[in-house]
Amino acid sequence: MSESCALCEIGAGKGIMKVVFEDKDVIAFLKQKPATFGHIILTTKKHYTIMEQVPDSEINHVFKIANKLSSAAFEALGGGGTNIIVQNGSGAGQLHPHFCVEIIPRRDNDGLNFQWANKQLSEEEMSTVELTIKQETASLVIGGGEKKKEVVEENKETKTLKEKKGEENYLLKSLRRIP
Amino acid sequence: MVTTKGPSSGQGLPENLDNMSPEELMDFQKKKCIFCNIISGKVQSKKVYEDSKCIAILDINPANPGHVLILPKDHYAILPQMPDDVIGHLFVVAKAFSGIMLKILKVSGATIFVANGVLAGQRAQHFMLHVIPRKEGDSLDVLNIPQRQVSESDLLEVQKRIVEKISVLLGIKIEAKAKEEKDKIEVPKKEEKVVEKKIEKPVEKKPQKEESDEDDSNIGLDDIARLLK
């Protein structure tokens with residue numbers, strides 16, 4: 001816990017926030033000045049300034065809970081969807097130096113619009129970005145996820161063949177299921 | 001947002017659409033889904049990462065250069081359809097991308113954005129995370145989250161409704177977790193009521209569940225929506 005962090009204080013039960021969920025790792029409460037009704041802030045009890053500091057196991061837990069809270073808000077208040085937003089870093093408009101997830105229930109004519117304007121990049125600019133990022137992800141192993149090698153041109157044919165086979169099997173299976 | 005047109009399949013809707021089993025419908029959706037076709041390699045994309053559960057591609061109409069989409073390999077339209085491990089994995093990958101962007105794109109942050117449902121701005125029938133590199137003054141103020149003044153009583157009402165739902169959705173877990181905590185922390189005297197109280201601690205007026213439920217159902221969703229305007 002970090003001193004003088006508002007979210008840590010809430011996590012420690014010192015805030016006067018309207019808590020909607022709590023376990024030993026996370027706490028979720030209603031935002032005092034919400035974007036829409038049911039706007040929830042979900043945060044870790046441990047103090048992490050930005051998302052990169054949060055261990056993978058906690059990320060897994062936080063977003064599992066975010067999904068449930070999203071469904072709960074949706075079912076409790078009706079509406080047509082939710083936005084889940086992480087503002088990570090000052091450039092992204094992060095207000096508190098404590099990682100948190102915002103869950104915003106949406107409904108018709110709620111006055112919100114997160115629709116950004118698309119930027120048109122030249123083919124060259126796109127390729128530069130692609131290559132720069134690929135250099136970093138090439139050696140990346142994330143969360144025990146089995147890394148797949150780049151799909152080489154030659155493999156493409158065999159891959160599609162395999163898929164077709166899979167589809168056949170799938171169809172056969174569903175046929176057998178019909179009584 | 002990606003605006004690529006789907007592959008020209010040339011075939012209309014199959015006649016037996018109504019008679020399809022859920023599995024067949026899923027399969028049909030998958031064939032029609034542009035992102036499923038990107039994942040299978042039938043449609044070209046600028047792929048920057050792939051593992052057994054997900055794929056990351058550059059958004060061809062980015063909000064900022066380096067805007068990445070992270071897609072589950074299996075076809076899920078919305079968040080609640082996905083298994084917990086896939087949800088977790090997608091966000092772990094998003095975290096990694098946020099870190100990469102900070103390191104190599106000379107940005108000072110990343111917005112991780114999910115539009116879950118059409119009203120939330122979802123455009124494609126395939127669930128995805130947006131990871132958008134950000135820096136001060138990048139003219140993406142549209143991603144700032146507005147704040148509104150609401151009354152204390154409205155907040156309490158919303159809290160009550162959400163607590164009730166989340167307790168149903170996670171009921172068993174909350175009890176288990178509360179018990180865990182109970183064992184750790186010194187045991188209060190009224191042991192029996194600990195579980196209930198833990199969940200409803202912030203509610204100042206004690207809700208009398210069954211009875212008050214009926215009264216509240218008179219408050220329509222429209223009333224709630226109106227309050228915000």
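The values are calculated or read from the model by the stated rules, or taken from the named source; none is laboratory data. Please read these numbers as outputs of a predicted model, since none were measured by experiment. Here the Cβ is made from the backbone with ideal geometry for all residues, glycine too, and neighbour counts use every protein chain on show.
Miscellaneous remarks
- The numbered conditions (1) touching a helix residue (DSSP H, G or I) at 6+ places or on another chain (Cβ under 7 Å); (2) at the interface with chain A (Cβ under 7 Å from one of its Cβ atoms); (3) touching a residue at least 24 places away in the same chain (Cβ under 8 Å); (4) surrounded by fewer than 18 Cβ atoms within 10 Å (Cβ to Cβ) are all true for B:Arg134 except (4).
- Single residue of the stretch A:65-78 satisfying the filter (at the interface with chain B (Cβ under 7 Å from one of its Cβ atoms) and touching a strand residue (DSSP E or B) at 6+ places or on another chain (Cβ under 7 Å)) that is surrounded by the fewest Cβ atoms within 10 Å (Cβ to Cβ): A:Leu77
- Qualifying positions in the stretch A:27-54 - within 7 Å of chain B (Cβ to nearest Cβ) and crowded, with 23+ Cβ neighbours inside 10 Å: A:Leu30, A:Pro34, A:Ala35, A:Thr36, A:Phe37, A:Gly38, A:Met51
- Consider the stretch B:21-77 and keep the residues that are of a type in the set (Ser, Thr, Tyr) and more than 9 Å from every other protein chain (Cβ to nearest Cβ). The one that is farthest from B:Gly109 (Cα to Cα) is B:Tyr76.
- Listed by position, the strands (runs of 3 or more DSSP E) enclosed by the stretch A:1-110 include none that has at least 2 residues that are in contact (Cβ under 8 Å) with a residue 12 or more places away in the chain and among the acidic types (Asp, Glu).
- Flag for B:Ile174 being in contact with a helix residue (DSSP H, G or I) (Cβ under 9 Å, 6 or more places away or on another chain), modelled with pLDDT under 75 and in a helix (DSSP H, G or I): yes
- Looking only at residues in the stretch B:117-131 that are of a type outside the set (Val, Ile, Thr) and touching a residue at least 60 places away in the same chain (Cβ under 8 Å), the one that is surrounded by the fewest Cβ atoms within 10 Å (Cβ to Cβ) is B:Arg123.
- Residue identified as facing chain A (nearest Cβ under 7 Å) and either touching a His at 6+ places or on another chain (Cβ under 6 Å) or surrounded by fewer than 24 Cβ atoms within 10 Å (Cβ to Cβ) (or both) among B:Val114, B:Val107: B:Val107
- The number of residues in the stretch B:78-101 being under 18 Å from A:Val129 (Cβ atoms) and more than 7 Å from chain A (Cβ to nearest Cβ) comes to 3.
- Residue check for A:Lys18: in contact with a strand residue (DSSP E or B) (Cβ under 6 Å, 6 or more places away or on another chain), basic (Lys, Arg) and over 30 Å from B:Leu102 (Cβ atoms): yes
- Residues in the stretch A:1-23 that are under 21 Å from the mean Cα position of the chain (by Cα) and of a type in the set (D, E, K, R): A:Glu22, A:Asp23.
- Test result for A:Glu102, at pLDDT 80 or above and out of contact with any Ser or Thr (no Cβ under 9 Å at 6 or more places or on another chain): yes
- Check on A:Glu102, surrounded by fewer than 23 Cβ atoms within 10 Å (Cβ to Cβ) and more than 7 Å from chain B (Cβ to nearest Cβ): no
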